[in-house]
Amino acid sequence: MTTIALSPPRRAWLIVAGQELRDLWLGGRGLALTLAFSLLLSVMTYLTATNSVLNFLEQRESVNLTLQVAVAVGALLVLLGAADALSGERERGTLESLLLAPVHRLELVVGKGIAALSLWLVAFAVSIPYIWFLGRGVGLVGTALGAGFLVGSLLALFLAGLGLLLSSVAGSNRVSLSVALFLLFAFFAPTQLPSGAQQGWAGDLFIRIDPFSSGLHWLGKVVVDAHSFSQDASWLASPVVAAGLALLGALGAARFLALRGGGQ
Amino acid sequence: MKRSGLMLVAVILAAWFAASAQALTVGLDRSSVETNIGHRFTFVSTIANTGSTTESGLVAHLNVLSDDPGVYVDPEDWSSNRTRYLPALAPHQTLRVTWTVQAVNSGQFAVYVAVLPRHGPGPITTSPPLRVAVAERRTLNSGGVLPLVLGIPALIGVAAVGTRRRGR
């Protein structure tokens, strides 16, 4: 009698990532999201380039505005992908076969995270010509793209971790996505207070705590005020910490990934 | 006699107030600026105590106004830090205050700094105006942007349709 031991293949996360990338990009969902993203950037770029009445005062501010939208929306695409990654499988009834596959759950989550992060990379690539068009002539393109890639990648890692964490415990896509968006808005809400209320240590703290606000604030300092990358680096603390915590949380939750949501 | 005495006191008081009003002077490091809309510029005001007593509790405030009655100016848009609470100024001491301003309207403007005491009716000392000429914003190449804003979504759309057809 022969016993066959099914051991996980080496670097199974690469196999999972490859499969997920094929599903995302050849299945059409990734391209549809990218198309919507490019339409948004097209409208933004057209308005900033042509409409003198709008309050986009100078070229640096035009670049900054478009770059901030590209970074924020590009990172949000990652959240959409990550929040669907596991709860979507659960909802479609395909998680069981995935859990039975000879792949560690950790590698499963890593592979799905890589696929979700690819949405940000493609969004960033799409935004390059728009930023080039708006920033050419003022020697701003390289700096803006470098800073945008740095902040966007940190935010994308944060949202990928958050999405995967929620997706691994939520019973449905609707739950994981709505909770993730609620958390984002909860972080973001204090930054919408009137400017007077944002003065002082409390207002400053709110902006520094929110990874989005602090990351985009740093981006504005680099692009509009021509500060060096290191000059206001403390503003990147929140995105770095948030990305680290969210990824650790997602990897930790992967160990308890179960067929039903809520760890059942 | 009594009336002339009162007049004398009034004259002395007026002279004293006038003298204290002149104890401060406010100057600017330049008289005019030419810039483009959206650009920031910096100028320095020098506040000098020319009197013989220490001046304390002073506030310097930046103001912006348009030469054109048809142009609305919101000074908060020009500078978010328009009020500075100054330290005490000893006799013959000067203080330099730097102001950074962003030109958010086009046209001809005047910017000036006023210095006044935080409390009480004291006099307001103002600087000479800084004349600011702000040129209209040049829009970017509106014709050149069209191929970009139409071309990229079109390329992605074609790729999406092609991928979907191949998938069937």
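The values are calculated or read from the model by the stated rules, or taken from the named source; none is laboratory data. Keep in mind that this is a model prediction, so the values were computed, not measured. A quick note on method: Cβ atoms are made from the backbone with ideal geometry, for glycine too, and the neighbour counts reach across all protein chains shown.
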Task: Residue match in the range A:109-128 (condition: part of a helix (DSSP H, G or I) and farther than 19 Å from A:Ala156 by Cα) - done: no
- [ ] Could you list all residues from the range A:209-264 that are of a type in the set (Phe, Trp, Tyr), part of a helix (DSSP H, G or I) and over 16 Å from the mean Cα position of the chain (by Cα)?
- [x] A:Trp218, A:Trp235
TODO: Specify the residue that is farthest from the other protein chains (Cβ to nearest Cβ); the eligible residues are those in the range B:116-138 that are modelled with pLDDT under 85 and crowded, with 16+ Cβ neighbours inside 10 Å.
DONE: B:Gly122
Task: Qualifying position, being surrounded by fewer than 17 Cβ atoms within 10 Å (Cβ to Cβ) and farther than 23 Å from A:Leu41 by Cα, among A:Ser172, A:Ser176 - done: A:Ser172
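A quick yes/no check of all residues on (1) farther than 16 Å from B:Val101 by Cβ; (2) not in a strand (DSSP E or B):
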{"site": "B:Thr46", "(1), (2)": "yes, no"}
{"site": "B:Thr53", "(1), (2)": "yes, yes"}
{"site": "B:Ala60", "(1), (2)": "no, no"}
{"site": "B:Val64", "(1), (2)": "no, no"}
{"site": "B:Asp68", "(1), (2)": "yes, yes"}
Open item on the list: So for the range B:101-115 (the condition being under 30 Å from B:Ile37 (Cα atoms), within 14 Å of chain A (Cβ to nearest Cβ) and part of a helix (DSSP H, G or I)), does at least one residue qualify?
Closed with: no
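For (1) modelled with pLDDT of 85 or more; (2) more than 9 Å from chain B (Cβ to nearest Cβ); (3) in a helix (DSSP H, G or I); (4) closer than 24 Å to A:Val73 by Cβ, each residue gets a yes or a no:
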site	(1), (2), (3), (4)
A:Thr2	no, yes, no, no
A:Ala5	no, yes, no, no
A:Pro8	no, yes, no, no
A:Ala17	yes, yes, yes, yes
A:Thr48	no, no, yes, yes
A:Arg60	no, no, yes, yes
TODO: Search the range A:230-249 for residues that are farther than 12 Å from A:Leu219 by Cα and pair each with any residue that is of a type in the set (Asp, Glu) when their beta-carbon atoms are under 7 Å apart and the residues are at least 6 apart or on different chains.
DONE: A:Ser238/A:Asp210
Open item on the list: Which residue is farthest from B:Leu116 (Cα to Cα), if the candidates are limited to the range B:49-81 and must be out of contact with any Leu (no Cβ under 7 Å at 6 or more places or on another chain) and of a type in the set (A, V, I, L, M)?
Closed with: B:Val71
TODO: Could you tell me which numbered condition B:Glu76 fails, if it satisfies all but one of (1) at pLDDT 95 or above; (2) not in a loop (DSSP other than H, G, I, E, B)?
DONE: (1)
- [ ] Report whether or not B:Ile152 is free of Cβ contacts under 8 Å to residues at least 12 places away in the same chain and either away from chain A (no Cβ under 14 Å) or under 13 Å from the mean Cα position of the chain (by Cα) (or both).
- [x] no
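Looking only at the range A:129-185, which residues are within 14 Å of another protein chain (Cβ to nearest Cβ) and of a type in the set (Lys, Arg)?
Here is the first cut: in the range A:129-185, the residues within 14 Å of another protein chain (Cβ to nearest Cβ) are A:129-138, A:140-141.
Result: A:Arg136, single match.
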Open item on the list: Here's a check for you: in the range B:33-54, which residue that is away from chain A (no Cβ under 14 Å) and touching a residue at least 60 places away in the same chain (Cβ under 8 Å) is surrounded by the fewest Cβ atoms within 10 Å (Cβ to Cβ)?
Closed with: B:Glu34
Task: Qualifying positions in the range B:73-96 - closer than 30 Å to B:Gly107 by Cβ and either surrounded by 12 or more Cβ atoms within 10 Å (Cβ to Cβ) or without any contact (Cβ under 8 Å) to a residue 40 or more places away in the chain (or both) - done: B:Val73, B:Asp74, B:Pro75, B:Glu76, B:Asp77, B:Trp78, B:Ser79, B:Ser80, B:Asn81, B:Arg82, B:Thr83, B:Arg84
